[in-house]
Amino acid sequence: MHDKENELKLNGLYNAKVIYQWEAIGRNFGHTLRWIVSIGVPFLGYSLLMLLIQDMAAVPVLFFIGLIMTFVIRYLFLADEHICFYLTKKGIHFTTEQIIPEMAYKVMRGFAWFGVAVSFFAVTIIGPMAFVGAGACALLSFKMTGFESKISKSY
C-alpha cells in the first residue's frame with residue numbers, strides 16, 4: 001500500500017545524518033560450497049548429456065562450455081553481496097549490491113550492441129518482417145545496452 005506519511009518518514013530516515021556506518025560482505029553459501037556447486041552443476045549436466053549422445057568428438061566442446069558456465073554460475077549467480085549499514089537517529093537503513101566484476105557488465109553491453117547491429121542488419125536485408133520473429137530480441141538488446149550494477153535500499 002502507498003502511504004504518504006510512511007513515505008515521508010522513510011525519506012527522513014534516508015536523509016538523516018549518519019551517526020555510524022559499517023560494511024559487510026554477505027555470502028549465500030560458504031566459499032568452498034559455492035565453487036563445488038559452480039563446478040558440479042555444469043559438468044554433471046554435460047556428463048549426463050555425454051551418456052545420451054555417446055560421441056567422443058563432442059567432449060572438448062562440452063568441456064569448454066562447462067568451463068565457461070562454471071565461471072558464469074560462480075561470479076554471476078552465486079556472487080557475494082556488499083552490504084552497507086547506516087545508523088541514524090531515526091533508525092537503521094542499509095544498501096546491498098552484488099559484487100560482480102565490471103568486465104561482466106561490459107561484456108553484456110557488448111553483446112547487447114551486437115544484437116542491436118544484427119537487428120538493424122536483418123531489417124536492411126529481410127525488411128520490416130524481420131522484427132516479427134526477432135522483435136523481442138531486438139527490444140531486449142536495446143534495453144540491455146544500459147546494463148549496470150543496481151544498488152537496492154532497505155530499512
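Quick look at the numbers
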{"quantity": "In the range 25-51, residue nearest to residue 72 (Cα to Cα) [restricted to those that are touching a residue at least 40 places away in the same chain (Cβ under 8 Å), of a type outside the set (Phe, Trp, Tyr) and surrounded by fewer than 13 Cβ atoms within 10 Å (Cβ to Cβ)]", "calculated": "28"}
{"quantity": "In the range 62-92, the residues that are part of a strand (DSSP E or B) and more than 23 Å from the chain's Cα centre (by Cα)", "calculated": "86, 87, 88, 91, 92"}
{"quantity": "Residue match in the range 30-53 (condition: under 17 Å from the mean Cα position of the chain (by Cα) and among the hydroxyl-bearing types (Ser, Thr, Tyr))", "calculated": "yes"}
{"quantity": "Cβ-Cβ under 7 Å pairs, at least 6 apart or on other chains, the range 65-77 side modelled with pLDDT under 85, far side not in a helix (DSSP H, G or I)", "calculated": "75/100; 75/101; 76/100"}
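The values are calculated or read from the model by the stated rules, or taken from the named source; none is laboratory data. Computed from a prediction, not measured in an experiment: that's the story for all the values here. When we count neighbours, we look across all protein chains shown, and the Cβ atoms used for this are built from the backbone with ideal geometry, even at glycine.
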